[in-house]
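Asks: One structure, pasted below without further comment.
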Amino acid sequence: MAHCWSKVLALSLSAPKMDPYARPAEAGAVNIRPSNSGVPQGGVNSPLEQKRIDYSREKKKTLQARYIYGIIFLIINLKAWFFRDYGQRVLSHFYNIKACGIDGQDCCHTLGVLRVSLGCFIFFSVMFFTTIKTRKLYEARSSWHSGWWAVKLVLLIVSMAVPFFLHSKYIQIYGEFARVGAGIFLVLQLVSVIEFITWWNNYWMPDEQEKQSCSLGLFMSTIFYLASVCGIVVMYAFYGRKVECSLNIFFISWTAILLIVMMAMSLHSKVNRGLLSSGIMASYLVFLCWSAIRSEPASDYCNKQKVNGNSDWTTILSFLFAIGAIVMATFSTGIDSQSFQFRNDNVQEDDDISYDYGFFHLVFAFGAMYFGMLFISWNLNNSARKWSIDVGWASTWVKIVNEWFAATIYIWKLISPTVRQTKVMDHEDSVRQTVVNVALP
């Protein structure tokens, strides 16, 4: 009997000791799992996920909205062309509007274009002032930007109608301001183009150690420089064959000099920026020079392609392509607000807007002034001929000055880091020399 009791005692001593709280805890764990079995995993974060889905849906609306504004801008461009070329013949009800003058003359041709441009400017200015400083997707101004289309349609109709009831002298005053606004648009577009060229250069040549990317960048730069040289040769052949075309020869030759200067600056040991960005910029300058020469009046004998040019299919296609280029330039500049930020905020939250609404509408407002100037060839007194756009000596000089300004900005962007580094080094040397002079007895 004692032996049996000793075995029982030994077994009890050898068994592991149980924590009195272990079973309730385990039971609690077992009871908790069935209670949560019907809830999906990550149920605690479901409100956050729902917010992200809502933010994504709102961002899609804002991205769709900018295309709608682009379509509106395109339609207004076509309306300006229609009022310039066919307004007086087709729209007879202009005769009943007092501000349109006798036979509706002041609501067609040049003044008709300016009235349409003013209406577009009013609409996008209202959108600018009502969306400026928008930062979050669920602000009321963000909803106004990407929605309320019925209200904005009424606003657009009113904005386009108001200028046709204003006296002609006020339209002329607007035309003078439109020249300045169009110049501002050209500067904004130029900055956007240069920033795009810089981004493209960094994309194709991200690291000098990657031989494949460098070889591809070198190939692309070669293509752009060959295209630029071919463009120079073709312009000499078509527009600079005669000695009498000295102005065209000067434009083309100065463009060639700018290309050489940019290439030399890019390859300089202190700059060392490569040839890709300068090659892209060279092609852009050649395009501006060609566009400027093409804008010379048709009566000029140095531009033979226009002497016999009536409203044939090439003229119509060129005109439609020009309108598309205006819309694309305005659209691409409007969504490129990051190129005009003085400070970069790397922290982006889910409810932040995708692009700056205020800047977007501001660019379209300046773009309204710009297309107004193109349709009247920057001349407030004379109306352009049918199916033509941006033709005249004023247009030629605007494009030439824009080309030179673009080259100046790009060259300064190439040498500015070196100049700043030199100033910093000179300042450090002067400070060091001052410390040494003070330290010496």
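Asks: Please count how many residues of region 46-83 are in contact with an Asp or Glu (Cβ under 6 Å, 6 or more places away or on another chain) and of a type in the set (S, T, Y).
Replies: Qualifying residue count for the region: 1.
Asks: Filter region 130-158 for residues that are over 27 Å from the mean Cα position of the chain (by Cα) and surrounded by 13 or more Cβ atoms within 10 Å (Cβ to Cβ) and give the result.
Replies: V158
Asks: Could you tell me whether any residue of region 401-414 is assigned to a helix (DSSP H, G or I) and at pLDDT below 85?
Replies: yes
Asks: Against the definition (farther than 21 Å from F331 by Cβ, aromatic (F, W, Y), part of a helix (DSSP H, G or I) and modelled with pLDDT under 85), how does Y95 come out, yes or no?
Replies: Against the criterion (farther than 21 Å from F331 by Cβ, aromatic (F, W, Y), part of a helix (DSSP H, G or I) and modelled with pLDDT under 85), Y95 qualifies.
Asks: Hey, L111 hits all of (1) at pLDDT below 80; (2) surrounded by 16 or more Cβ atoms within 10 Å (Cβ to Cβ) but one; which does it fall short on?
Replies: The failed condition is (1).
Asks: While we're on this one: Residues being touching a Phe, Trp or Tyr at 6+ places or on another chain (Cβ under 7 Å) and either at pLDDT 85 or above or within 12 Å of F177 (Cβ to Cβ) (or both): count how many of those fall in region 365-388.
Replies: Total satisfying the criteria: 7.
Asks: Just to be sure before I move on: is T333 of a type in the set (S, T, N, Q), closer than 18 Å to N77 by Cα and modelled with pLDDT under 85 in the structure I sent?
Replies: yes
Asks: Okay, moving on. Can you tell me which of T396, T418 is within 29 Å of V261 (Cβ to Cβ) and at pLDDT 75 or above?
Replies: Within the list T396, T418, the selection yields T396.
Asks: In region 125-151, which residues are more than 15 Å from F366 (Cβ to Cβ) and part of a loop (DSSP other than H, G, I, E, B)?
Replies: Result: K133, T134, R135, L137, Y138, E139, G147, W148.
Asks: Among W148, W144, W81, which is the only one that is modelled with pLDDT of 85 or more, on the phi > 0 side of the Ramachandran plot and among the hydrophobic types (A, V, I, L, M, F, W, C)?
Replies: W148 is the lone residue from the list that is modelled with pLDDT of 85 or more, on the phi > 0 side of the Ramachandran plot and among the hydrophobic types (A, V, I, L, M, F, W, C).
Asks: Right, next: Taking region 92-131 on its own, how many of its residues are hydrophobic (A, V, I, L, M, F, W, C) and over 20 Å from I72 (Cα atoms)?
Replies: Of the residues in that region, 8 qualify.
Asks: Show the residue pairs meeting these rules: Cβ distance below 7 Å; 6+ apart or different chains; first residue within region 399-411 and under 13 Å from V286 (Cα atoms); second residue among the polar types (S, T, N, Q) and surrounded by fewer than 19 Cβ atoms within 10 Å (Cβ to Cβ).
Replies: Filtered contacts from region 399-411: K399/S291.
Asks: Of the residues G87, G101, which is touching a residue at least 24 places away in the same chain (Cβ under 8 Å) and surrounded by fewer than 21 Cβ atoms within 10 Å (Cβ to Cβ)?
Replies: Step by step, each of G87, G101 is checked, and only G101 is touching a residue at least 24 places away in the same chain (Cβ under 8 Å) and surrounded by fewer than 21 Cβ atoms within 10 Å (Cβ to Cβ).
Asks: Separate question: Going through S339, S299, S311 one at a time, which residue ends up being modelled with pLDDT under 75 and in a helix (DSSP H, G or I)?
Replies: That would be S339, the only listed residue that is modelled with pLDDT under 75 and in a helix (DSSP H, G or I).
Asks: What about I122, is it in a helix (DSSP H, G or I), surrounded by fewer than 23 Cβ atoms within 10 Å (Cβ to Cβ) and free of Cβ contacts under 8 Å to residues at least 12 places away in the same chain?
Replies: no
Asks: Does any residue of region 353-364 turn out to be modelled with pLDDT of 80 or more, part of a helix (DSSP H, G or I) and within 30 Å of I415 (Cβ to Cβ)?
Replies: yes
Asks: In region 358-402, which residue that is hydroxyl-bearing (S, T, Y) and under 23 Å from F83 (Cβ atoms) is surrounded by the fewest Cβ atoms within 10 Å (Cβ to Cβ)?
Replies: Ranking the qualifying residues of region 358-402, first place goes to S383.
Asks: Right, next: Do the conditions hold for A161, that is, is it touching a residue at least 24 places away in the same chain (Cβ under 8 Å), among the hydrophobic types (A, V, I, L, M, F, W, C) and crowded, with 21+ Cβ neighbours inside 10 Å?
Replies: It is false that A161 is touching a residue at least 24 places away in the same chain (Cβ under 8 Å), among the hydrophobic types (A, V, I, L, M, F, W, C) and crowded, with 21+ Cβ neighbours inside 10 Å.
Asks: Name the pairs: first residue in region 47-66 and closer than 16 Å to G358 by Cα and of a type in the set (D, E, K, R), second residue at pLDDT 75 or above and part of a helix (DSSP H, G or I), Cβ to Cβ under 7 Å, at least 6 apart or on different chains?
Replies: Qualifying pairs under 7 Å: R66/F360.
The values are calculated or read from the model by the stated rules, or taken from the named source; none is laboratory data. On a predicted model such as this, the values are computed, not experimentally measured, just so you know. Note: ideal-geometry Cβ built from the backbone for every residue, glycine included; neighbour counts use all protein chains shown.
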